[in-house]
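Trainee: The structure's right below; bear with me while I get my questions together.
The values are calculated or read from the model by the stated rules, or taken from the named source; none is laboratory data. No experiment lies behind these values; they were computed from the predicted model shown. Cβ sites come from the backbone with ideal geometry, for glycine too, and all protein chains shown count toward neighbours. Note: accessible area is taken over every heavy atom of the protein model, side chains too, but ligands, DNA and RNA are not part of it. Shrake-Rupley method; radii C 1.70, N 1.55, O 1.52, S 1.80 Å.
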Amino acid sequence: QVYRSLGLNQSEIDAYFTGPAFLAWNRMGNLHGWAGPLPPAWHIKQLYLQYRIVERMRSLGMITVLPAFAGHVPQGILRVFPRVNATRLGGWSHFNCTYSCTYLLDPEDPMFQVIGTLFLKELIKEFGTDHVYSADTFNEMTPLSSDPAYLSRVSNAVFRSMAGADPEALWLMQGWLFQHQPDFWQPVQVRALLHGVPLGRMIVLDLFAESKPVYQWTESFYGQPFIWCMLHNFGGNHGLFGTAEAINHGPFMARSFPNSTMVGTGLVPEGIEQNDMVYELMNELGWRQEPLDLPSWVTRYAERRYGAPNAAAASAWRLLLRSVYNCTGVCINHNRSPLVRRPSLHMDTELWYNASDVYEAWRLLLSAGAELGSSPTFRYDLVDVTRQAAQQLVSNYYLSIREAFQSHALPELLTAGGVLVYDLLPELDSLLSSHSLFLLGRWLESARAVATSDQEAEQYELNARNQVTLWGPSGNILDYANKQLGGLVLDYYGVRWSLFVSALVESLNSGNPFHQDQFNQAVFQVERGFVYNKKRYPAVPAGDTLEISRKLFLKYYP
């Protein structure tokens, strides 16, 4: 509405917004146009959804945060206002300027205040306000200058555009940029940006505090209030993971830090719906005076989760706590398992825990099946732990495949490759297909359900497929948002592994060396083919989770 009122035409606006699956990166100035444009119906449906969200939040006493103008603008602004001072930022991640290199309006240009204030006034007119606004001008984007005076002027301009619409405005800002580009954001630059806003009128999210806290090296954000946040998950990946001890102690250490300005705890995962235990734990800590005794907490957690005490289930959870949920040091939860990565001869199979603990937890959970099998949470956890065990097994088979190839042992290569491609991966796929929360069909159908026409449904489905696979037109951030879903394991990961094993067998048979570059070109066709295959996947589970897990166990338990 604001851009139209300023004289931009629809095609200029369409060229700016990304498709729905990539809008978060559009708002932070990383991307434009990719997987778009947004259909008119999208905006209307989002508007009505927003009314409902805001109303529900306020009825629960929650404080809503509205998005503010961060300075990123469509290229069309330069046509309407040829004299405006806007600069192109560089490319983001592995994207070139086709879909990246966003225009940043100079915060000192008068148009910055005009657009920023207009936008907020529109939002406030539409939704009312609780006076808190979010804006991220430099998220993973390098500023044009490291001059402290410039950085202070930028943050001051962003804040002024908020205060121009709402004199009581508070700016909520992600602190990710400080730990993401520490070479640029030295203490003097951080202080300059933070002090461009009056003390207390900004709240910083210490976004990755369980692994890379920023408050410790910035004297508690130089006096600006901050929220201690657990990021935990990147890309909505499946995979059992947590930093339970860091979470258990971190918020209390931040509270007692000299001159601490911590005002709360937060959860900021990129994707949720995995590792429920970690989120239960973090949410409980906000109400505690001191760290918990984790082994006894997790024993009670198992009982609460399944609705009945069970010794085997409690033992399984204590094993998971000391293994997958006890990553120490700097832990970045990106699932790098060979299962969900493009195959090569140089894959990462390192674990931060003892694999046998997961196999034993799997055995214990299965043994509790007779007593707890009717609990939906138990069935979900059984799928998840079996899936983790299968993920570990994939790494073992990968190592056997690599070893056989490197020692020119064709029979061993055929055996290990055959088991992986023709048995283990199909079995994992059928396990995942037995639970509604692990279905590719559910992921795709929920994207299609937002559509108001067949054409929109196709676009939304392509967005959903691209996000979990190629993440961009050409695998720009390949497998960043990998998921382990029934349908995806067989038709995407499985087909990749099949191609890889065939390529290695062909290489041994012909005596020609295996070329990763050639394989990458061939496998890209498979990956892209999956995104555009139009196959419909069931959105209803099939098969008995307990039976399938038991069958896998009898075949594969080491």
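Trainee: Sort out which residues of the range 429-452 are open to solvent by less than 50 Å² (accessible area, probe 1.4 Å) and over 23 Å from the mean Cα position of the chain (by Cα), and write them in order of number.
Mentor: Matches in the range 429-452: SER430, LEU431, SER434, ALA451.
Trainee: Answer yes if at least one residue in the range 51-60 is assigned by the TED database to the domain that holds LYS125 and in contact with a His (Cβ under 8 Å, 6 or more places away or on another chain), and no otherwise.
Mentor: Applying the first criterion (assigned by the TED database to the domain that holds LYS125) to the range 51-60 yields 51-60.
Cutting the leftovers down to in contact with a His (Cβ under 8 Å, 6 or more places away or on another chain) gives us none.
No, every residue in the range 51-60 fails to be assigned by the TED database to the domain that holds LYS125 and in contact with a His (Cβ under 8 Å, 6 or more places away or on another chain).
Trainee: Let me ask something else about it. So, in the range 267-288, how many residues would count as being in contact with a strand residue (DSSP E or B) (Cβ under 6 Å, 6 or more places away or on another chain) and either open to solvent by less than 10 Å² (accessible area, probe 1.4 Å) or in a loop (DSSP other than H, G, I, E, B) (or both)?
Mentor: Within the range 267-288, the subset in contact with a strand residue (DSSP E or B) (Cβ under 6 Å, 6 or more places away or on another chain) is 267-268, 282, 286.
Now narrow it down to the ones that are either open to solvent by less than 10 Å² (accessible area, probe 1.4 Å) or in a loop (DSSP other than H, G, I, E, B) (or both): 268, 282, 286.
Residues flagged as in contact with a strand residue (DSSP E or B) (Cβ under 6 Å, 6 or more places away or on another chain) and either open to solvent by less than 10 Å² (accessible area, probe 1.4 Å) or in a loop (DSSP other than H, G, I, E, B) (or both) within the range 267-288 amount to 3.
Trainee: Listed residues VAL383, VAL358; which is closer than 16 Å to VAL489 by Cβ and aliphatic (A, V, I, L, M)?
Mentor: Details: VAL358 fails: closer than 16 Å to VAL489 by Cβ.
Step by step, each of VAL383, VAL358 is checked, and only VAL383 is closer than 16 Å to VAL489 by Cβ and aliphatic (A, V, I, L, M).
Trainee: Please go through the range 164-188 and give me each residue that is surrounded by 22 or more Cβ atoms within 10 Å (Cβ to Cβ) and without any contact (Cβ under 8 Å) to a residue 24 or more places away in the chain, ordered by number.
Mentor: Within the range 164-188, just TRP185 meets the criteria.
Trainee: Sort out which residues of the range 324-363 are among the small types (Gly, Ala, Ser), outside any helix (DSSP H, G or I) and open to solvent by 30 Å² or more (accessible area, probe 1.4 Å), and write them in order of number. Lay out the reasoning, then the answer.
Mentor: Step one: of the range 324-363, the residues among the small types (Gly, Ala, Ser) are 329, 337, 344, 355-356, 361.
The next check asks that each one be outside any helix (DSSP H, G or I); those that pass are 329, 337, 344.
Within the range 324-363, GLY329 is the sole residue that qualifies.
Trainee: On to the next question. Taking the range 369-424 as the search range and keeping residues that are over 30 Å from TYR301 (Cβ atoms) and hydroxyl-bearing (Ser, Thr, Tyr), which one is most open to solvent (accessible area, probe 1.4 Å)?
Mentor: TYR422
Trainee: When you go through (1) over 30 Å from GLN484 (Cα atoms); (2) in contact with a strand residue (DSSP E or B) (Cβ under 8 Å, 6 or more places away or on another chain) one by one for PHE178, which number turns out not to apply?
Mentor: Condition (2) is where PHE178 drops out.
Trainee: In this structure, does ARG160 turn out to be assigned by the TED database to the domain that holds PHE95, more than 24 Å from GLN181 (Cβ to Cβ) and not in a loop (DSSP other than H, G, I, E, B)?
Mentor: On the way: assigned by the TED database to the domain that holds PHE95: yes; more than 24 Å from GLN181 (Cβ to Cβ): yes; not in a loop (DSSP other than H, G, I, E, B): yes.
Taking the combined requirement at face value, the residue satisfies it.
Trainee: Something else: Kindly list the number of the only condition in (1) open to solvent by 30 Å² or more (accessible area, probe 1.4 Å); (2) under 24 Å from GLU458 (Cβ atoms); (3) modelled with pLDDT of 95 or more that fails for SER5.
Mentor: Only one criterion is unmet by SER5, namely (2).
Trainee: Next question, about the same structure. Would a scan of the range 215-231 turn up a residue that is β-branched (Val, Ile, Thr), touching a Phe, Trp or Tyr at 6+ places or on another chain (Cβ under 9 Å), open to solvent by 20 Å² or more (accessible area, probe 1.4 Å) and farther than 30 Å from LEU485 by Cβ?
Mentor: As a first pass, look at the range 215-231 and keep what is β-branched (Val, Ile, Thr): 218, 227.
Checking which are touching a Phe, Trp or Tyr at 6+ places or on another chain (Cβ under 9 Å) leaves us with 218.
If we keep only those that are open to solvent by 20 Å² or more (accessible area, probe 1.4 Å) as well, we get none.
Looking for residues that are β-branched (Val, Ile, Thr), touching a Phe, Trp or Tyr at 6+ places or on another chain (Cβ under 9 Å), open to solvent by 20 Å² or more (accessible area, probe 1.4 Å) and farther than 30 Å from LEU485 by Cβ, one finds none in the range 215-231, hence no.
Trainee: Scanning for something more than 18 Å from the chain's Cα centre (by Cα) and within 28 Å of ASP423 (Cβ to Cβ), does the range 454-470 turn up at least one residue?
Mentor: no
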